Each structure stands twice: as structure tokens, then as C-alpha cells.
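The values are calculated or read from the model by the stated rules, or taken from the named source; none is laboratory data. Because the structure is a prediction, the values reported are computed rather than measured. Here Cβ is always computed from backbone atoms with ideal geometry, including for glycine, and neighbour counts include all displayed protein chains.
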Amino acid sequence: MRKKVVAGNWKMNTSLAEGELLVKQIGFLLRDNSANCDVIIAPPFTHLSTVSQIIKDEKIGVFLAAQNCSHIESGAYTGEVSAKALAEIGCKYVILGHSERREYFAESNELLLKKINMALSVGLKPIYCVGEKLDERESHKHFEVVSEQIKDVLYKLRGVELANVIVAYEPVWAIGTGKTASADEAEEMHAFIRRVIADKFGQAADDISILYGGSCKPSNAQELFSRDDVDGGLIGGASLNAQDFVSVIKSV
């Protein structure tokens, strides 16, 4: 049976001191262990080591994720961060293919496949993001776009590797815009993603967690998470407020 997951992507936000406080607040609010899902937080690179230690010291029931990793193992690549180094400081997950990485840094499906393979080789579990832009949805190409992102990357994995991947659907037009896909729209795309995966991997698709990643917040989380193929969320802005983030978690 697939897991329910809520992952908080802090993006390039919070100072180190703010990040320390935020993870401690999240831990305090989750102290009753009432979360019905796996909880993941993805702070900036600069915070990972410190936040990892806080999670261990205070026994906070969350997993640590990085927001990106290099597709190269090591070497003269100034500014890159290796998957192995992330695993060594306590990361269990890594977000790959986020719409902002695709758009601002021109990350291709080909590159993302390399990153996923590198992450898997060191024991990191990728959270692989797929999704369409507004013009692609309005021109009715959203299924085509998402299908291509799945086939170009996930179809190249073996079943045993796919089992360690989480998929996050990002309707790019609903990120930071105040718009949100309706629960029906989210379920339609999530069910489509599962069918595309099933075309290659059969019943294994039923075990893949598919998260919704488009302006999910306390006011709409419960409705979104009530749908059969929505297995949780990849949370942006709401993850920067401990109370909001935990409210989303408790909506699962």
C-alpha cells in the first residue's frame, strides 16, 4: 500500500537561525505523533547539516530532503553539490525536476534522468516533479507534456528503482499565483500519471505516491487529499509557517 507523504520545500528562504527555529516549531507541533503520513522538509543547502542535527538531537519525526543534487559523482564542478555528500549529512530524499529548476536553469528530462540515477546510486529517494505551464494547459497539451516527462525519465528505470521514487505533480500555473487546481483537476491528472506509469510497470504503479504541488494550503488541503490518487502534497509557501505546515500534514 502506498504511503501518504507531505513534503515542505523551503526553496531559497529563511536565514539559518530562522530555519533552526522553524524545524523546532514543526517538531513541537508534531510532538503528539498524530501525523498520518511521512513528513519531509527540504531546507536550503546551507541549512541541511544543522537541521539534520536538530532532527536527531530532538528526535523530530521528519525526514530531510535536499532541493537538488548534481548528476556527477565528484570532481572539478564548482558550486555543485554531490548526491553522496547529501546522503552523508542525513538527507533521505532529494527534489528533482522542480518546475523552477526546469524553467530557470533549463534542466532537461535527459539531465534529470542522470540526476535520478545518481541519487538512487547513493540511497537517496528522488521526489520527481512533473507538470505543465498555463499555455500548455490552455492549449490542451497538459496530458502530452506530463506523459513525456514521465516516459523520458521514469520509463528508463527498473521497477526496483521506481519503487524508491515519489512523483509530485505541479500545475505550474498554480505555483505562487494564488490559483489552485480544483480537487477534480488534481485527481484527473494524478489518475492519468498513475495510468501512464502502469502502462510500463503494471500494478507497481499502485504503490507510487503521487503528491500535489500547486499552492496547497490549510484551506484546501483536506479536499485535495481526500481524492483517491492524491497521496499528499509538495508544499511551498505554507511550509514556511510551522502552524500552516502542520495543519496541512494533519489534513492527510
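Figures for the structure shown
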read-out: Scan of segment 8-18 for residues that are in contact (Cβ under 8 Å) with a residue 60 or more places away in the chain and among the small types (Gly, Ala, Ser), ordered by number; value: 8
read-out: Residue satisfying all of: in segment 103-116; touching a residue at least 24 places away in the same chain (Cβ under 8 Å) and surrounded by 14 or more Cβ atoms within 10 Å (Cβ to Cβ); nearest to residue 165 (Cα to Cα) among these; value: 116
read-out: Count of residues meeting criterion [at negative phi, not β-branched (Val, Ile, Thr) and not in a helix (DSSP H, G or I)] in segment 18-55; value: 11
read-out: Qualifying residue in segment 165-178 (condition: more than 18 Å from the chain's Cα centre (by Cα) and free of Cβ contacts under 8 Å to residues at least 12 places away in the same chain); value: no
read-out: Pair list, Cβ < 8 Å and 6+ apart or interchain, from segment 185-205 residues that are over 19 Å from residue 160 (Cα atoms) to residues that are of a type in the set (A, V, I, L, M, F, W, C) and part of a helix (DSSP H, G or I); value: 186/224; 189/143; 189/146; 192/143; 192/146
read-out: Restricting segment 67-86 to residues that are out of contact with any strand residue (DSSP E or B) (no Cβ under 8 Å at 6 or more places or on another chain) and among the polar types (S, T, N, Q), the residue that is surrounded by the most Cβ atoms within 10 Å (Cβ to Cβ); value: 70
read-out: Close pairs from segment 211-239: first on the phi > 0 side of the Ramachandran plot and part of a loop (DSSP other than H, G, I, E, B), partner of a type in the set (Lys, Arg) and at pLDDT below 95, Cβ under 9 Å, at least 6 apart; value: 215/179
read-out: Answer from 191, 181, 186, 198 - the residue that is out of contact with any Cys (no Cβ under 6 Å at 6 or more places or on another chain), assigned to a loop (DSSP other than H, G, I, E, B), among the small types (Gly, Ala, Ser) and closer than 19 Å to residue 144 by Cα; value: 181
read-out: Residue within segment 238-247 that is at pLDDT 95 or above, farther than 26 Å from residue 26 by Cβ, touching a strand residue (DSSP E or B) at 6+ places or on another chain (Cβ under 8 Å) and hydrophobic (A, V, I, L, M, F, W, C) present; value: no
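Residue-by-condition table, conditions (1) in contact (Cβ under 8 Å) with a residue 24 or more places away in the chain; (2) crowded, with 18+ Cβ neighbours inside 10 Å; (3) not hydrophobic (A, V, I, L, M, F, W, C):
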| site | (1), (2), (3) |
| --- | --- |
| 6 | yes, yes, no |
| 20 | yes, no, yes |
| 23 | yes, yes, no |
| 29 | yes, no, no |
| 46 | yes, no, yes |
| 60 | yes, yes, no |
| 65 | yes, yes, no |
| 88 | no, no, yes |
| 94 | yes, yes, no |
